[in-house]
Amino acid sequence: MIRTKLILILLVSYVAVIAQKKQKNNSNKRAAIEAVKTKTNELTELSDKIWSFEEVAFQEEQSAAALMTYAEKQGFIITKNIGDISTAFMAEYGSGKPVIAIMGEFDALPGLSQKPVPYKDPLNEGGAGHGCGHNLFGVASLGAATAIKEQIEAGKLKGTIRFYGTPAEEKFFGKLWMVRAGAFDDVDIMMDWHPSASTKANVQTGLALVDFMVEFAGQAAHASADPWNGRSASDALELYTTGINYYREHILPSVRIHYHIMDAGKVVNVVPDYAKIWTRVRDTKREGMEKVWKRVEKIAEGAAIMADVDYKITLISGVHEVLVNRTGAAALQKNLEYLGELKFTEEEVAFAKKIQEATGKPQVGFDTKINPLEETLEHPRGGSTDVGDVSWVVPTIRLGATVAPKDTPWHSWAVVACSGMSIGHKGMIYAAEALSMTMVDLYENEKLRSEIKAEFKERKGGYVYKGIIPDGPPPVNDVD
Ligand SMILES: [Zn+2]
């Protein structure tokens, strides 16, 4: 028994050593890492530029232009205005199959302006900030695409490389209109990453969601002199949120319902004739989300009946949960294991600990461990992303890379701070290396590509993808 165990251990170690050697011997991967490394300064500069532009959803004109200019200089051919969005674009190099692509986001979040310091200190009071690290996101992806482009140019890899500039992830979900425009239809495999507080091949689905606006319209009247002549839209709004909050007791733990009151009257002495509330419903599966969505719409109807006002529901947009691809993730995982842990300097660890102190977290520094590939959970926690929609159209491999201290509150000043200094830059370069290595696998290994596609087909089953968006143009001018 012990002997069998020993043989088994030796065999496993032997296979691991061979795998390591294989990675080391892959000159294209080494060249990709080298290509990224030599671009560290220019990629950092580009990322800092986008960080300082701090442009929010659908207004990322300077950020998109900076990425396009860089890509054009590298020899990529640019296609602009995808899906009638001026900041959505594609940068392409090479020709023929396979078409391997990578996505990059670059929008900021309103109200999060912050200097690159480990305590809260806005750069521009009330301004936006990269609280999701999308300045790093776009640049690392373009850096990885550029490393691949150089190898196609040198004749070492065959096919097409594309970088997709995907705007408005934080609001409206720009990728939905890019999918609708068919932008990804001929892509074989898509790569994607996201700045994070840990490093891993991401095999979780996130949550499906829908956004819709509920408006109530009644009759204005003097709030004291003749309130009996009034029918209050804000009464309906209050009844609506009360209904939602009673409903919370009866929803599954995987469901989330949020709302943002946008208008509930202007002054205290008028019975408001108009009220408006942005509502968001999420669940780990699209089907579950849809059920709750319909019920919440009923609550709006009930509230309108009670307040004797009219109501209107307008779909804004919604995203699918991510269709995970574990075969692709396993290929990425091997490259993470080869690259090893991301290293930070003493100063960076001190910076991280100060952030942890300021945000009330244990002062433990960074989480850079490369753990074995996680199980894919049936009901994961977390947020939602429009990458989900792309993942139902083309097999998508996703990376998370450490750009902030462990437990950092996301969408906060702390992420803005890290994204604008060396901690974020390091994570960005690491991500670009891991992504480009994995793309080398995708070009070189036809069997891997077909296994990834087979898994995609199997997981998708008979579902025919349909985006959750209204007809008509994207809401690019809706800056409310
Ligand atoms: Zn994000």
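The values are calculated or read from the model by the stated rules, or taken from the named source; none is laboratory data. Note that the coordinates shown come from a computational prediction; the quantities given were computed from them, not determined experimentally. Methodologically, a virtual Cβ is constructed for each residue, glycine included, from the backbone with ideal geometry; neighbour enumeration extends over all protein chains shown. Accessible surface is based on the protein model in full, side chains and every heavy atom, while ligands, DNA and RNA are left aside. Shrake-Rupley method; radii C 1.70, N 1.55, O 1.52, S 1.80 Å.
Could you list, in sequence order, all residues of the stretch 397-416 that are touching a strand residue (DSSP E or B) at 6+ places or on another chain (Cβ under 8 Å) and within 15 Å of the ligand (Cβ to nearest atom)?
Taking the stretch 397-416 as the starting set, the residues that turn out to be touching a strand residue (DSSP E or B) at 6+ places or on another chain (Cβ under 8 Å) are 397-404, 411, 413, 415-416.
Passing the criteria: Arg398, Leu399, Gly400, Ala401, Thr402, Val403, Ala404, His411, Val415, Val416.
So Ser47 ticks every box in (1) among the polar types (S, T, N, Q); (2) surrounded by fewer than 19 Cβ atoms within 10 Å (Cβ to Cβ); (3) at pLDDT 95 or above but one. Which box is left unticked?
(2)
Kindly indicate which of Gly83, Gly104 is open to solvent by less than 10 Å² (accessible area, probe 1.4 Å) and in contact (Cβ under 8 Å) with a residue 40 or more places away in the chain.
Working: Gly83 fails: open to solvent by less than 10 Å² (accessible area, probe 1.4 Å).
Just a single option satisfies the conditions, and that option is Gly104.
Which of the following residues is surrounded by fewer than 20 Cβ atoms within 10 Å (Cβ to Cβ) and in contact (Cβ under 8 Å) with a residue 60 or more places away in the chain: Asp188, Asp211, Asp235?
Details: Asp211 fails: surrounded by fewer than 20 Cβ atoms within 10 Å (Cβ to Cβ); Asp235 fails: surrounded by fewer than 20 Cβ atoms within 10 Å (Cβ to Cβ).
Result: Asp188 is the single residue among Asp188, Asp211, Asp235 that is surrounded by fewer than 20 Cβ atoms within 10 Å (Cβ to Cβ) and in contact (Cβ under 8 Å) with a residue 60 or more places away in the chain.
What number goes with the only condition from (1) touching a residue at least 40 places away in the same chain (Cβ under 8 Å); (2) open to solvent by 10 Å² or more (accessible area, probe 1.4 Å) that Lys457 does not pass?
Here Lys457 clears every test but (1).
When you go through (1) within 16 Å of the ligand (Cβ to nearest atom); (2) over 19 Å from Ser52 (Cα atoms) one by one for Ile152, which number turns out not to apply?
Every condition holds for Ile152 apart from (1).
Within the stretch 98-110, which residues are more than 13 Å from the ligand (Cβ to nearest atom) and either part of a loop (DSSP other than H, G, I, E, B) or of a type in the set (D, E, K, R) (or both)? Show your work before the answer.
Going through the stretch 98-110, the residues more than 13 Å from the ligand (Cβ to nearest atom) turn out to be 98-102, 110.
Matches in the stretch 98-110: Pro98, Pro110.
Can you say whether Ala454 is modelled with pLDDT of 95 or more, in a helix (DSSP H, G or I) and within 18 Å of the chain's Cα centre (by Cα), as far as the supplied structure shows?
Working: modelled with pLDDT of 95 or more: yes; in a helix (DSSP H, G or I): yes; within 18 Å of the chain's Cα centre (by Cα): no.
When the stated conditions are applied, Ala454 does not pass them.
What number goes with the only condition from (1) touching a residue at least 12 places away in the same chain (Cβ under 8 Å); (2) open to solvent by less than 40 Å² (accessible area, probe 1.4 Å) that Leu373 does not pass?
(2)
Looking at (1) part of a helix (DSSP H, G or I); (2) open to solvent by 20 Å² or more (accessible area, probe 1.4 Å); (3) of a type in the set (Gly, Ala, Ser), which is the only condition Ala434 fails?
With (1) part of a helix (DSSP H, G or I); (2) open to solvent by 20 Å² or more (accessible area, probe 1.4 Å); (3) of a type in the set (Gly, Ala, Ser) applied to Ala434, the lone miss is (2).
Looking only at residues that are out of contact with any Lys or Arg (no Cβ under 6 Å at 6 or more places or on another chain) and more than 21 Å from Val476 (Cβ to Cβ) in the stretch 83-97, which one is nearest to the ligand (Cβ to nearest atom)?
Ranking the candidates gives Gly94 first.
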